[in-house]
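The values are calculated or read from the model by the stated rules, or taken from the named source; none is laboratory data. Given the structure is predicted, the values throughout are model-derived calculations rather than measurements. Cβ: placed from backbone, ideal geometry, glycine included. Neighbour counts: every protein chain shown. Calculation scope for accessible area: heavy atoms of the full protein, side chains included, ligands and nucleic acids excluded. Shrake-Rupley method; radii C 1.70, N 1.55, O 1.52, S 1.80 Å.
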Amino acid sequence: MSDLQKNIEKLDGYLARFKETGILNQINGSACASLSGETFETRSPVDESLICSVARGGVADIDAAAKAAKAAFPAWRDMAAGERRKILHRIADKIVERAEEIALCECWDTGQALRFMSKAALRGAENFRFFADKAPAARDGQSLPSPTLMNVTTRVPIGPVGVITPWNTPFMLSTWKIAPALAAGCTVVHKPAEFSPLTARILMEIAEEAGLPKGVWNLVNGLGEEAGKALTEHPDIKAIAFVGESRTGSMIMKQGADTLKRVHFELGGKNPVVVFDDADLDRALDAVIFMIYSLNGERCTSSSRLLVQESIADAFEARLIERVDAIRVGHPLDPQTEVGPLIHKTHFDKVTGFFEIAQKNGATVAAGGSRVGGTGYFVRPTLFTHANNAMDIAQQEIFGPVLTSIRFKDEDDALSLANDVQYGLTGYVWTNDLTRALRFTDALEAGMIWVNSENVRHLPTPFGGVKASGIGRDGGDWSFEFYMEQKNVAFATGHHKIPRLGA
Ligand code: NAD
């Protein structure tokens, strides 16, 4: 039996229970259908087959979940941080135990290739361990004495929070947002993406099996404009941590205005990878390919614009085409597969629509530019050349395995092209000139920049974007800044003069 067949067989075993019950919400420790009884379907992008039905939560379900999170908040907030730490570590242990189930379900639900997803569960576990270990110090503050007062700062968790996640790598992203919220002492209502609900349910079950008290983490499935909107408008929810498209972020900001929601946004990108002629071109080529064609290109930090210096462009693009043509597209559960199907028909239509747009724009489709097979949402890894930065393919986030190559003359030209987009999430710079790297990164408009490297995440560092790519930072202590309130308490140290009125 091939590895693919073995994986399909295992997956069938894991899916059997979902097929029977559908995916339920979890409110105050109980698995439940939506209050209206309505459901929607989740289908696999591999063959468009039905995976199972999913509870379609709405205003009433969100209300019940927010009330449960509010009721659970005081006890969770006041639990000794060391106890919270232990529970979060137990969640990590259980994620590792169920890593195979998580990986196979994630691949089937999203189309992401197993070679990348096999590590997603482990990364999710690491997120829990990292924030678990930070929990005991989360409240620590400063002492800021003045001549008359001893000022002492402390941080307290903000309250119940809403977490809204997208469908690309949904498991990892859910852990990335929820682990710091719980470590800070907040309770959570999670609304996962409607296209990929499987692993959010598994994660929730793991958390309660690990001893998380009822109501601390509630799960409401549903559509963005129904359950998602209701969550952002609920008065008991103090903050919204959102990962998704920039235009959804702007809707959430409006929806949250009446209840003065604190928001944290991780949004879209059109990230440049800039290759200068003095770079290590072999390593640059590997990184350029990895950062757009891994994870099906459905990755916010993907380098979807290649800016390559004119003097090396012909040779670099020729090597690139050869490699892109050789990328293995296939079943996501086949360990050999490098690119799987796109998440959903809507997204497939959007991505393939850019094949025509590129030609209308006047660019060349140098590799790919077509679908693969008649069923499922498979596309050939695609490269557009002879493009310029004004084209739609250079300005809009395509969010698929599609790279646009643009040539530049010199450093100034590269910088103005790199910055000439509405987004500013990541940037990648390839050069062996140290002073240029310093100059260039200083002027590049991006929240995260890697020099002579692909995206390698280090959890203590700040993660987030500038411009239309986001508001706020995650990672290290930055996550706690979002999920907690600063408080200053001033104690008089003597009998300083108090102004006397009406005396
Ligand atoms: P999306 O914005 O369509 O949906 C994200 C989530 O928001 C889903 O759960 C959806 O149901 C919900 N939603 C939709 N409308 C809503 C509304 N009016 N109110 C409340 N919630 C609503 O994004 P997507 O298509 O699922 O994900 C892809 C996008 O996510 C890309 O733009 C990508 O760049 C971005 N992303 C960013 C990061 C980052 O860290 N910056 C990471 C991953 C993905």
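Kindly indicate the residue of the stretch 229-264 that is touching a Gly at 6+ places or on another chain (Cβ under 7 Å), part of a helix (DSSP H, G or I) and open to solvent by less than 20 Å² (accessible area, probe 1.4 Å) and also farthest from CYS32 (Cα to Cα) among those meeting that condition.
THR232
Output the residue which, of all residues in the stretch 465-477 that are part of a loop (DSSP other than H, G, I, E, B) and within 7 Å of the ligand (Cβ to nearest atom), is surrounded by the most Cβ atoms within 10 Å (Cβ to Cβ).
Step by step, filter the stretch 465-477, then rank; the result is SER469.
Restricting to the stretch 321-352, and then to whatever is hydrophobic (A, V, I, L, M, F, W, C) and assigned to a helix (DSSP H, G or I), can you tell me which residue is farthest from the ligand (Cβ to nearest atom)?
Ranking the qualifying residues of the stretch 321-352, first place goes to ILE321.
Among the residues of the stretch 97-116, write down those that are of a type in the set (Lys, Arg) and part of a loop (DSSP other than H, G, I, E, B).
Residue satisfying the conditions is ARG98 alone.
For (1) open to solvent by 30 Å² or more (accessible area, probe 1.4 Å); (2) in a helix (DSSP H, G or I), each residue gets a yes or a no:
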| position | (1), (2) |
| --- | --- |
| ASP47 | yes, no |
| CYS52 | no, no |
| ALA65 | no, yes |
| ALA68 | no, yes |
| ALA71 | yes, yes |
| TRP76 | no, yes |
| ARG90 | yes, yes |
| LYS94 | yes, yes |
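Hey, any hits in the stretch 437-455 for a residue that's assigned to a strand (DSSP E or B), at positive phi and open to solvent by 10 Å² or more (accessible area, probe 1.4 Å)?
no
Kindly check whether there is at least one residue in the stretch 213-220 that is within 11 Å of the ligand (Cβ to nearest atom), under 30 Å from ALA414 (Cα atoms) and either in a loop (DSSP other than H, G, I, E, B) or open to solvent by 10 Å² or more (accessible area, probe 1.4 Å) (or both).
Scanning the stretch 213-220, I find no residue that is within 11 Å of the ligand (Cβ to nearest atom), under 30 Å from ALA414 (Cα atoms) and either in a loop (DSSP other than H, G, I, E, B) or open to solvent by 10 Å² or more (accessible area, probe 1.4 Å) (or both), so the answer is no.
Of these, ASP133, ASP140, which one is without any contact (Cβ under 8 Å) to a residue 24 or more places away in the chain and over 17 Å from the mean Cα position of the chain (by Cα)?
ASP140
I'd like the residue in the stretch 185-206 that is of a type in the set (D, E, K, R) and closer than 20 Å to LYS94 by Cα and, out of all such residues, is nearest to the ligand (Cβ to nearest atom).
Among them, the one singled out is ARG201.
For the stretch 262-300, give me each residue that is more than 20 Å from the chain's Cα centre (by Cα) and not β-branched (Val, Ile, Thr).
Result: PHE276, ASP277, ASP278, ALA279, ASP280, LEU281, ASP282, ARG283, ALA284, LEU285, ASP286, ALA287.
Consider SER118 against the criteria (1) modelled with pLDDT under 95; (2) under 15 Å from the mean Cα position of the chain (by Cα): it satisfies all of them except one. Which criterion is unmet?
For SER118, the failing item is (2).
Just the residues that are under 30 Å from GLN5 (Cβ atoms), surrounded by fewer than 16 Cβ atoms within 10 Å (Cβ to Cβ) and not small (Gly, Ala, Ser), please, taken from the stretch 293-334.
ASP325, ARG328
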